[in-house]
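Trainee: One structure, pasted below without further comment.
The values are calculated or read from the model by the stated rules, or taken from the named source; none is laboratory data. None of the values given here were measured: they were computed from a predicted structure. No Cβ is skipped: glycine too gets one built from the backbone with ideal geometry, and neighbour counts run over all protein chains shown. Heavy atoms of the whole protein, side chains included, go into the accessibility calculation; ligands, DNA and RNA do not. Shrake-Rupley method; radii C 1.70, N 1.55, O 1.52, S 1.80 Å.
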Amino acid sequence: MADVGFVHLRVHSAYSLLEGALPIGKLIELAKADGQPALGLADTGNLFGALEFSEKAVEKGIQPIVGCQLAIDFGADLPQRRAAHLRKRSSLVLIAKSEVGWQNLVRLGSKAFLETPSDDDPHIPLEALDGASEGIICLTGGPSGPVSEALLAEADDVARARLERLEALFGDRLYIELQRHGLDTDSFLEAGALDLAYRRGLPIVATNEPFFPNRADYEAHDALIAIAEGRVIADDDRRRLTPEHGFKTRAEMRTLFPDLPEALDNTIEIARRVAYRPLKRKPILPRFAGADADPETAEKAEAAELIAQAEAGLRDRLAAHGPAPGLTVETYEQRLAFELSVIAKMKFPGYFLIVADFIKWAKRQGIPVGPGRGSGAGSLVAYALTITDLDPLRFDLLFERFLNPDRVSMPDFDIDFCQDRRDEVIRYVQDKYGYDQVAQIITFGSLQARAVMRDVGRVLQMPYGQVDKLCKLVPQNPANPVKLTQAIADEPKLREARAEEPVVDKLLDIAVKLEGLYRHASTHAAGIVIGDRPLKELVPLYRDPRSDMPVTQYNMKWVESAGLVK
């Protein structure tokens with residue numbers, strides 16, 4: 001990396017909700033276009049995109065550097081008189097240097113959500129870093145960091161004390177972070193940070209903190225910030241970034257820091273020090289026999305238990321309904337034996353037993369359960385266990401569409417539970433397998449065409465009726481949403497309004513740039529994962545403010561890639 005010049009260490013993707021306007025694909029595309037060999041992601045307060053970023057960056061030949069901008073509570077160490085105007089908490093950028101560092105980062109990121117009251121913003125106390133800093137590179141957070149916060153409060157003694165505390169935690173993995181984004185405080189903070197760095201012999205590092213692709217996207221991003229805060233663009237006292245918060249090239253960063261080449265060189269040094277990235281895993285199957293059971297013994301016991309339950313269940317089904325016309329009991333027994341051998345070979349007996357257990361429990365409680373949908377209905381074992389209520393032989397359904405040793409994929413039953421009592425089933429699973437080993441799955445709501453137009457219209461202070469008429473010109477199709485660019489191309493009235501009124505032109509221009517960005521995180525209606533160990537050892541966790549149940553920070557696709565069975 002000798003001629004690299006600069007490496008981004010703290011880019012915000014669209015997973016920095018209503019703050020980042022860089023989808024991961026776009027982010028990697030920008031880095032690739034500039035020939036950047038490495039790229040650092042540090043979303044605000046979360047690791048939602050960590051695995052996705054890691055995999056997609058590697059696919060494009062870019063070294064992923066995975067971190068997080070985490071809010072830290074330093075306690076009441078600032079003079080109240082001077083600190084009253086400052087933000088509630090400052091933040092650090094924590095970067096996973098090694099596998100141990102990644103595990104610590106996952107625990108810290110999970111702790112911020114799980115142990116913060118639902119009416120407060122996710123954060124961790126400074127003490128949480130004790131014993132959890134190994135393998136982590138720490139950047140002091142630039143203008144939003146704890147050192148800068150103390151400097152702005154004119155509390156130089158507190159700035160020194162905070163720096164000493166961080167140095168004790170991270171040692172030679174601590175870097176004083178410098179940024180030049182054209183903010184009024186840049187020069188003052190840089191002078192104070194450099195003085196502290198040189199006095200203590202600490203390395204400095206220059207960072208760019210991009211939230212949007214380039215300067216031309218600044219106006220749209222400013223609207224996004226206004227949307228996030230429920231303000232209007234004309235408000236003078238709201239949060240604002242600058243056009244310099246776009247994604248800079250290496251050459252632009254060299255031009256920006258000509259007087260501090262060592263600060264740029266240290267970005268390369270940090271990239272070299274990072275020797276780990278989040279990885280995909282093979283499926284980690286929970287044990288029906290319990291997490292403490294010996295794996296080999298449990299595997300045999302589960303296979304035997306599945307055979308016993310399936311054979312008994314098939315006898316009950318045949319006694320109640322008989323074989324399908326033209327088929328014999330022997331045909332069913334042969335199909336059952338075949339399926340059981342495949343399930344055992346693929347090491348899925350525990351999965352079938354777990355699903356059957358909570359479905360049988362739900363039925364005993366009088367909770368309505370659907371007959372089963374999707375490829376799982378092709379399994380005679382599932383029918384025998386009452387997971388499904390369709391006889392696959394009667395309807396010529398193929399087991400191979402569900403499980404196939406030649407095309408290894410996870411089994412995935414689509415089971416419908418009564419909406420009003422679904423929580424009872426989830427709670428049963430949680431009670432049985434452990435609070436820390438069961439979680440729901442996160443999902444992300446995005447800014448769809450009509451919704452983003454309404455949001456942008458509001459922050460532009462356009463009349464509601466005018467915006468409403470424009471929105472109704474966009475086709476409403478929840479199953480296959482129409483993109484705003486397509487709607488504009490297909491609807492002459494939208495194009496006419498755009499041509500006639502500059503404010504409509506601005507509305508559509510901004511809305512097109514913001515469409516598709518993530519608006520909020522919530523919980524998938526029914527998806528759950530069960531682990532063979534505490535889930536915080538496998539994936540970062542989130543908590544929906546409306547529920548006290550843990551939720552994975554990865555969505556449906558990426559939680560499965562992380563090895564969890566959904």
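Trainee: In straight Cα distance, which lysines are under 30 Å from K360, not counting same-chain residues fewer than 8 positions off?
Mentor: K282, K300, K345, K347, K432, K536, K557, K566
Trainee: Sort 130-137, 331-338 by packing, meaning the average of other beta carbons within 10 Å per residue, with the highest value first.
Mentor: By packing density, highest mean first, the sequence is 130-137, 331-338.
Trainee: So who's got an amide H within less than 5 Å of the one on S90, skipping anything under 5 residues away but keeping other chains? H placed 1.01 Å off N, in plane.
Mentor: Distant-sequence amide H within range of S90: I72, F74.
Trainee: Apply the Karplus parameterisation 6.51 cos²θ - 1.76 cosθ + 1.60, with θ equal to phi minus 60°, to every residue of the stretch 383-394 and state each ³J(HN,Hα) to the nearest whole Hz, in sequence, with x for glycine and proline.
Mentor: 5, 5, 7, 6, 5, 10, 10, 10, 6, x, 6, 5
Trainee: Of all accessible surface on the chain at a 1.4 Å probe, what whole percent is carbon and sulfur?
Mentor: Taking all protein chains in place, the chain shows 50 percent carbon and sulfur surface.
Trainee: Further question: Determine, for each peptide in 16-22, 183-189, the mean count of other beta carbons within 10 angstrom over its residues, then list the peptides with the highest first.
Mentor: Working: 16-22: 23.0, 183-189: 14.0.
Taking the mean over residues of other Cβ atoms within 10 Å, the ranking is 16-22, 183-189.
Trainee: Cross-link candidates for K32: which lysines have Cα within less than 23 Å, leaving aside residues fewer than 8 places away along the same chain?
Mentor: Filter leaves K56, K60, K97, K248, K280, K513.
Trainee: What percent do you get for the relative contact order of the chain when only Cα pairs under 8 Å and 6+ apart count?
Mentor: Answer for the chain is 16 percent.
Trainee: Something else: Return the calculated 222 nm mean residue ellipticity for the chain, to the nearest 500 deg cm²/dmol, obtained by summing -39500 (n - 2.57) across DSSP H runs with n ≥ 4 and dividing by the residue count. Please report the intermediate quantities before stating the final value.
Mentor: Details: 21 runs with 240 residues, N = 566.
Per the formula, -13000 deg cm²/dmol.
Trainee: Let me ask another. List, in order, the whole-Hz ³J(HN,Hα) value for each residue of the stretch 439-454 obtained from phi through the Karplus relation with A = 6.51, B = -1.76, C = 1.60 and θ = phi - 60°; use x for Gly and Pro.
Mentor: 8, 7, 10, 6, 9, 10, x, 10, 7, 7, 3, 5, 5, 5, 5, 5
Trainee: Compare the peptides 455-467, 393-405, 64-76 by average per-residue count of other Cβ atoms within 10 angstrom and give them in order, highest first.
Mentor: So the order, starting with the most tightly packed, is 64-76, 455-467, 393-405.
Trainee: Can you list residues from other chains, or at least 5 along the same chain, whose modelled amide H is less than 5 Å from the amide H of V565?
Mentor: Long-range HN contacts for V565: I284, I530.
Trainee: With the other protein chains left in place, how much accessible area per residue, in square angstrom, belongs to the stretch 347-474 at a 1.4 angstrom probe?
Mentor: 44 Å²
Trainee: Also, I was wondering about something else. Cα atoms only: what Rg and Dmax, in Å, come out for the stretch 1-126?
Mentor: Answer for the stretch 1-126, Rg first and Dmax second: 16.2, 52 Å.
Trainee: Amide H of I65: which non-local residues (sequence gap of 5 or more, or other chain) have their own amide H closer than 5 Å, using H built in the peptide plane?
Mentor: L39, G40, L41
Trainee: May I ask you to derive the relative contact order of the stretch 1-140, considering only C-alpha pairs under 8 Å and at least 6 residues apart, and to give it as an integer percent?
Mentor: 21 percent
Trainee: Can you tell me the accessible area per residue over the stretch 1-125, all protein chains present, probe 1.4 angstrom, in square angstrom?
Mentor: I get 36 Å² per residue for this part.
Trainee: In the chain, what % of DSSP beta bridges are antiparallel (nearest 5)?
Mentor: Antiparallel bridges: around 55 percent, rounded to the nearest 5.
Trainee: Once mean projected area of the Cα convex hull in nm² is worked out from the coordinates, which option in (i) 24.2; (ii) 28.5; (iii) 30.5 does it equal?
Mentor: Answer by label: (iii).
Trainee: So between Y198 and E330, what do we pick up on full extension, going 0.36 nm a residue minus the alpha carbon distance? Provide the component values of the computation, followed by the final result.
Mentor: Values: separation 132, 0.36 × 132 = 47.52 nm, distance 8.30 nm.
Going from the current span to full extension adds 39.2 nm.
Trainee: Now, a different point. From the Cα gyration tensor of the stretch 80-180, with a ≥ b ≥ c the square roots of its eigenvalues, which class applies: rounded if a/c is under 1.5, or else prolate if a/b is larger than b/c, or else oblate?
Mentor: oblate
Trainee: Considering the options L285, F74, L129, tell which one lies farthest towards the positive end of the dipole of the chain, charges being +1 on Lys and Arg and -1 on Asp and Glu at the Cβ, about the Cα centre.
Mentor: L285
Trainee: Right, another one. Residue by residue through the stretch 470-481, which ³J(HN,Hα) values in whole Hz follow from phi under the Karplus form 6.51 cos²θ - 1.76 cosθ + 1.60 (θ = phi - 60°), with glycine and proline marked x?
Mentor: Calculated HN-Hα couplings, in order: 5, 4, 6, 7, 8, x, 9, 9, x, 5, 9, x Hz.
Trainee: How much solvent-accessible surface does I225 expose, in Å² to the nearest 10, with a 1.4 Å probe and all protein chains in place?
Mentor: 10 Å²
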